[in-house]
1. Report for the chain the percent antiparallel among DSSP-assigned beta bridges with both residues inside it, nearest 5.
2. If you keep only loop residues by DSSP, which trypsin sites (Lys or Arg not before Pro) in the range 1-92 have at most 12 other Cβ atoms within 10 Å of their Cβ?
3. Kindly list the residues of the range 156-170 that lie in the label zone of E31, defined by a backbone N under 11 Å from the point 7 Å along the Cα-to-C-beta vector.
4. Along the Cα→Cβ direction, 7 angstrom out, place labels at N100 and Q316. What is the inter-label distance in nm?
5. Grab the DSSP H runs of the chain that are 4 residues or longer, score each as -39,500 (n - 2.57), total them, divide by all residues and round the 222 nm result to the nearest 500 deg cm²/dmol.
6. Less than 17 Å from a label point 7 Å out along the Cα-to-Cβ axis of S366: which backbone N atoms in the range 377-406 qualify, by residue?
7. Students often forget the sequence filter, so: which lysines lie under 17 Å Cα-Cα from K372 once same-chain residues fewer than 8 apart are removed?
8. Can you give the % of DSSP beta bridges in the range 329-422 that are antiparallel, to the nearest 5?
Amino acid sequence: MSRELQSVRGMNDLLAAEMPWWQLVERAAREVFVDCGYQEVRVPLLERAELFARSIGEHTDIVEKEMYSFEDRGGDLLSLRPEATAGLVRAAIEHGLLHNQKQRLWTSGPMFRHERPQAGRYRQFHQVDCEALGFEGPDIDAEVIQVSARLWRRLGLSGLRLRINSLGTPESRRAYRARLVGYFGQHRGALDADSLRRLETNPLRILDSKNPALAAVIAGAPALTDHLDPASHAHFDRLRALLEAGGIAHQRDPRLVRGLDYYTRTVFEWTSPLLGAQDAVCSGGRYDALVEQLGGEPTPAIGWALGIERLVSLLQAAGVPAPDAAPAVFLVLAGERAEREGLALAERLRDALPGAGVQANMGGGSFKAQMKRADKSGATVAVIIGDDEAVRGIAALKPLRSDAGQQECALAELPARIAGLLGR
């Protein structure tokens, strides 16, 4: 295939062999949100570029360098969504979901950022997003973190580490920003190019630098937690008490700042040592000013997002087995009459054994070839029907994953007999 027809760099095909882990994550997330009373919404992949400039921040790396933006035929500047929160908040405002209401919402789907592809980071990536709007106290902060912790348990994951911090109010953060600019300005010669650019636009992001050469300079910077306003201090202390009461271990990290301008007060991040340098699994925080910033009434809010690609990598690294995607039953149909009756029989078995998976041989083939296909399918049992068996109203049942012998069975008794072999 010519290079021109291959997939776009950083936008990957998801093939059948990978999908069981994806389906595991998506199913577990849906079940956890139902358990916790969160409702699903879906928002467009395309939004006006101004939405992200106003929400994420004009001087963030995402808006300055990473968004896929273009002018459409009507002259509107549009962007593929780089994250979900802004679109979800826009939808809540536009449809009146926040008028004297509180909302617990979730969404999922692909996001797009033009950055250098690497392990766990792609130009098209997929997120699960959890948001709670209209709740002011630290109790909802604890709840959304609890929802994520419940998801790890549902997936059979352990060893994830939770880091939390408080960024304070926009007013206290502005005062801290001035202190930070002064400090890093005195160490300008030690800063790399990215940090020098951030010094003028978003100096808090310097604290999040992964450049080891800056570690000593960053360690000496003023701590944001020393400049919090009293109300933010009280909010953060109460959050920590609630997490401890809920049995959620956590570590306070004064250097955790997150990369989006809309965060206020609580920020948090789940990481795993199994993922190497790109260790973040789920990140989030409070964004109390965003709804008003986008044209709504002042509304407190908090949320988190996780990358499905990163979470699938973690499941694989942790040795969590993928759900079995193979059909449980394979119909071997040897003869014209057997083939003619095969589709109807397959449907009857699917009705009787929902979720088991019933696959019928297609395309003919000798008995030997069909048995090879049955084995390759991963099925637990083969149902063998030739023309003679079809006339007599019977089938042969052959277990494919054990040494149990082949046995005959009346077609009417097939569902019950197969259910017994499958342990259903």
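1. Working: 49 of 62 bridges.
For the chain, the DSSP antiparallel bridge percentage is about 80.
2. On the way: sites: R3, R9, R27, R30, R42, R48, R54, K65, R73, R90; in loops: R9, R42, R73.
Within the range 1-92, the qualifying trypsin sites (Lys or Arg not before Pro) (loop, at most 12 other Cβ atoms within 10 Å) are R9, R42, R73.
3. Zone members listed by number: 156.
4. 5.2 nm
5. Numbers: 14 runs with 156 residues, N = 424.
One gets -11000 deg cm²/dmol as the mean residue ellipticity at 222 nm.
6. none
7. K398
8. Values: 8 of 17 bridges.
Bridges in the range 329-422 that DSSP calls antiparallel: roughly 45 percent.
Every read-out reported here was derived from the displayed coordinates using simple, explicitly stated rules and does not represent laboratory data. Nothing here was measured: the structure is a model prediction, and the numbers come from that model. Counting neighbours? That spans all protein chains shown, and the Cβs are built from the backbone with ideal geometry, glycine included.
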